[in-house]
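Peer 1: Below are the structure tokens for one structure; questions will follow.
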Amino acid sequence: MRSLGVAGGGTLMVPLLGRAESSSGLPGEQLVRFPEKTDLILRTDRPPQLETPLHYFQQDFTPNEAFYVRWHLEGIPTTVNLDTFRLEISGAVEKPLSLSLADLRGRFEAVSLVAVNQCSGNSRSFFAPRVPGGQWKNGALGNARWTGVRLRELLDRAGVKAGAVEVAFSGLDRAAIAATPNFAKALTLDHAREGEVMVAYEMNGADLPMLNGFPVRLVVPGWYATYWVKALNQIRVLPEKFQGFWMDKAYRIPTAPDGNESPEHPATETTPINRLSLRSLFVRPEPGEQIPARQPFEIQGLAFDSGRGIERVEVSTHHGDAWQAARLDPELGQYAWRRWRLRWNPPARGKYQLQVRAFNRAGERQTTRLWNRGGYLRNVIEQTEVEVV
Ligand SMILES: Nc1nc2c(c(=O)[nH]1)N[C@H]1C(S)=C(S)[C@@H](COP(=O)(O)O)O[C@H]1N2
Ligand SMILES: [Mo]
């Protein structure tokens, strides 16, 4: 039995009352500490939406306790009894399966891969004009090593019937009011069977934290985290296309390239969010950080895409002029982020504007402008101001 909360298995009320504000140098941000997590930036508390402070991205792997949290529905699982928990695989299959965590660990080959988990609304607060939704900065993001079993193996064991087209996934969370549809997502059968989609029971070599989907979650490498269904307990093979609010109405982007539209010319056609857009971010300096003049400073950041591979990262310390190639850290895997660094000797005091852009092996590049009404897929060339003193 695993519980979220204080002794006795509290409900989510407990950690909320125990909210700890700390002074960790994040001006204007309220920090909160939930069970199994460290101090994270509070975006909303019911349900919890918690953002990772930027400094954690100075490591290859985002610690489980610092990994961001996003739930849609108030009724999130706070207790899981492993004696009774079962992952059900049903629908258009020859032999429905009902698997305990011990079954998943013991009866299937364990596989591991490193992959970026990024919310499609990451960085939404930087959209101009502003859009409604969780006002994330850049911390609805993390990189972890995921271990579990291949979804394909589970599907093969159940025996997918001829004619099946999609696979739907849902978890233990429930809407507080019946009118709100439970969270469910779907992938095409081909994608589900591709071999890399995983039902993960470990993250960075440890159990998943409750808030990140204990006991198992879907991992869809290279795709936005909205598909990474947490506390996964239902996999349904469908003979027809899935229909449901979270695919048909929510988490859709303009069909136009890069998911772009404008407030004046909203897109008329939309499509479900899918692969991660190519992007690069600054990790150091942090916004508002002051750095000394005429001393070497290591600018740091990260870059990733949907798995094509980062080829080059360039940084400008001169308002988008004089781009310099950053040094890339070793690759951690096809779906991992790639950290990069650039040594900079700021010549004189004053304000500098830094920019970063990444290029991938598929020849994609970042642009300077992106907007859509959902505040999704933000991946513009980043700019940050730094004060050299
Ligand atoms: N069961 C369930 N899974 C879910 C969600 C949810 O609300 N319920 N939210 C999804 C979204 S939109 C995101 S961004 C990720 C967040 O993963 P994390 O909380 O582990 O960082 O979980 C996804 N999986
Ligand atoms: Mo998300």
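The values are calculated or read from the model by the stated rules, or taken from the named source; none is laboratory data. Remember, it's a predicted structure, so these values are computed and weren't measured experimentally. Neighbour counts run over all protein chains shown; Cβ positions are idealised from the backbone, glycine included. Quick note on the areas: whole protein, heavy atoms, side chains included, nothing else; ligands and nucleic acids left out. Shrake-Rupley method; radii C 1.70, N 1.55, O 1.52, S 1.80 Å.
Peer 1: Limiting things to C-alpha atoms, what are the Rg and the maximum Cα-Cα separation (Dmax) for segment 227-272, in angstroms?
Peer 2: 14.1, 42
Peer 1: Okay, moving on. Where Lys and Arg each count +1 and Asp and Glu each count -1, what net charge lies around Leu276 among other residues with Cβ under 14 Å from its Cβ? Walk me through the numbers on the way to the answer.
Peer 2: On the way: positive: Arg275, Arg279, Arg308, Arg338, Arg378; negative: Glu196, Asp258, Asp305, Glu364.
Around Leu276, the charge tally is +1.
Peer 1: Go through segment 178-192 residue by residue and turn each phi into a ³J(HN,Hα) via Karplus (6.51, -1.76, 1.60, θ = phi - 60°); whole Hz please, and just put x for glycine and proline.
Peer 2: Each residue of segment 178-192 in turn: 4, 6, 7, x, 4, 6, 8, 10, 9, 10, 5, 4, 4, 5, 4 Hz.
Peer 1: Excluding Ile310 itself, what net charge comes from residues whose Cβ is under 13 Å from its Cβ, given Lys and Arg +1 and Asp and Glu -1? Please list the in-between numbers first.
Peer 2: Values: positive: Arg279, Arg308, Arg312, Arg327, Arg338, Arg339, Arg357, Arg361, Arg365; negative: Asp305, Glu311, Glu314, Asp329, Glu331, Glu364.
Taking every Cβ under 13 Å from that of Ile310, the sum is +3.
Peer 1: Taking loop as defined by DSSP and a crowding limit of 12 other beta carbons within 10 Å, which GluC sites (Glu not before Pro) in segment 57-109 fit?
Peer 2: Here the GluC sites (Glu not before Pro) that fit, given the DSSP loop and packing criteria, are Glu94, Glu109.
Peer 1: For Trp223, list long-range residues whose amide hydrogen, built 1.01 Å from N in the peptide plane, is under 5 Å from its own amide hydrogen.
Peer 2: Under 5 Å from the amide H of Trp223: Leu276.
Peer 1: Another question, if that's okay. Say R0 is 41 Å: what FRET efficiency, to the nearest 0.05, do Thr79 and Thr367 get from their beta-carbon distance? Mind showing how you got there, number by number?
Peer 2: On the way: r = 46 Å, r/R0 = 1.12.
E(calc), rounded to 0.05, equals 0.35.
Peer 1: Scan around Gly75 for amide H atoms under 5 Å from its own, H built in the peptide plane at 1.01 Å from N, and keep only partners 5 or more places away or cross-chain.
Peer 2: Arg174, Ala176
Peer 1: Then there's this: Enumerate the residues in segment 371-389 having an amide nitrogen under 14 Å from the point lying 7 Å beyond the Cα of Arg327 toward its Cβ.
Peer 2: From segment 371-389, the list is empty.
Peer 1: Related question: If you average the alpha carbon positions of segment 247-267 and of segment 310-359, how far apart do those two centres end up, in angstrom?
Peer 2: A separation of 30 Å, based on Cα centres.
Peer 1: I need the GluC sites (Glu not before Pro) found in segment 247-292, filtered to DSSP loop residues with at most 15 other beta carbons within 10 Å of theirs.
Peer 2: Values: sites: Glu261, Glu264, Glu269, Glu289; in loops: Glu261, Glu264, Glu269, Glu289.
Within segment 247-292, the qualifying GluC sites (Glu not before Pro) (loop, at most 15 other Cβ atoms within 10 Å) are Glu264, Glu269, Glu289.
Peer 1: Right, something else. Could you run the Karplus curve 6.51 cos²θ - 1.76 cosθ + 1.60 with θ = phi - 60° over segment 46-56 and give me ³J(HN,Hα) per residue in whole Hz, x for Gly and Pro?
Peer 2: With the stated coefficients, segment 46-56 comes to 10, x, x, 10, 10, 9, 7, x, 3, 5, 5 Hz.
Peer 1: Still on this structure: List every residue whose amide H lies under 5 Å from the amide H of Val165, counting only residues 5 or more places away in sequence or on a different chain, with H placed 1.01 Å from N in the peptide plane.
Peer 2: Close amide H contacts, sequence-distant or interchain: Leu238, Glu240.
Peer 1: With a 1.4 Å probe and every protein chain kept in, tell me what percent of the accessible surface of the chain is carbon plus sulfur.
Peer 2: Working: 7840 of 16560 Å².
Accessible surface attributable to carbon and sulfur in the chain totals 47 percent.
Peer 1: Suppose only helical runs count, i.e. DSSP H with n ≥ 4. What mean residue ellipticity at 222 nm does that imply for the chain under -39500 (n - 2.57) per run, divided by all residues and rounded to the nearest 500 deg cm²/dmol?
Peer 2: Working: 5 runs with 28 residues, N = 389.
Calculated at 222 nm, the ellipticity per residue is -1500 deg cm²/dmol.
Peer 1: Then there's this: Taking all pairs of different Cα atoms in segment 275-337, averaging 1/r and flipping that mean, what Kirkwood radius in angstroms comes out? If you can, show how the numbers build up before the last one.
Peer 2: Values: mean 1/r = 0.0751 Å⁻¹.
Roughly 13.3 Å, rounded to one decimal.
Peer 1: Using the scaling law 2.2 N^0.38 Å as the reference, what is the normalised Cα Rg of segment 79-250?
Peer 2: On the way: Rg = 16.2 Å, N = 172, 2.2 N^0.38 = 15.6 Å.
Against the compact-globule rule of thumb, the ratio is 1.04.
Peer 1: Work out how far the C-alpha atoms of the chain reach from end to end along every principal axis, then list the three figures in whole Å, largest first.
Peer 2: Principal-axis extents of the chain (Cα, largest first): 69, 48, 42 Å.
Peer 1: Now a separate question. Pick out, in residue order, every one of the trypsin sites (Lys or Arg not before Pro) in segment 210-253 that is DSSP loop and has at most 16 other C-beta atoms within 10 Å; say none if there are none.
Peer 2: Values: sites: Arg217, Lys230, Arg236, Lys241, Lys249, Arg252; in loops: Lys230, Lys241, Lys249.
Within segment 210-253, the qualifying trypsin sites (Lys or Arg not before Pro) (loop, at most 16 other Cβ atoms within 10 Å) are Lys241, Lys249.
Peer 1: Taking the Cβ-Cβ separation of Ala179 and Glu289 as r and a Förster radius of 41 Å, what is the calculated FRET efficiency to the nearest 0.05?
Peer 2: Numbers: r = 46 Å, r/R0 = 1.12.
That pair, Ala179 with Glu289, gives E of 0.35.
Peer 1: Further, regarding this structure: Per-residue HN-Hα couplings for segment 360-368, Karplus 6.51 cos²θ - 1.76 cosθ + 1.60 at θ = phi - 60°, whole Hz, x for Gly and Pro?
Peer 2: The phi angles translate into 10, 6, 8, x, 7, 9, 8, 10, 9 Hz.
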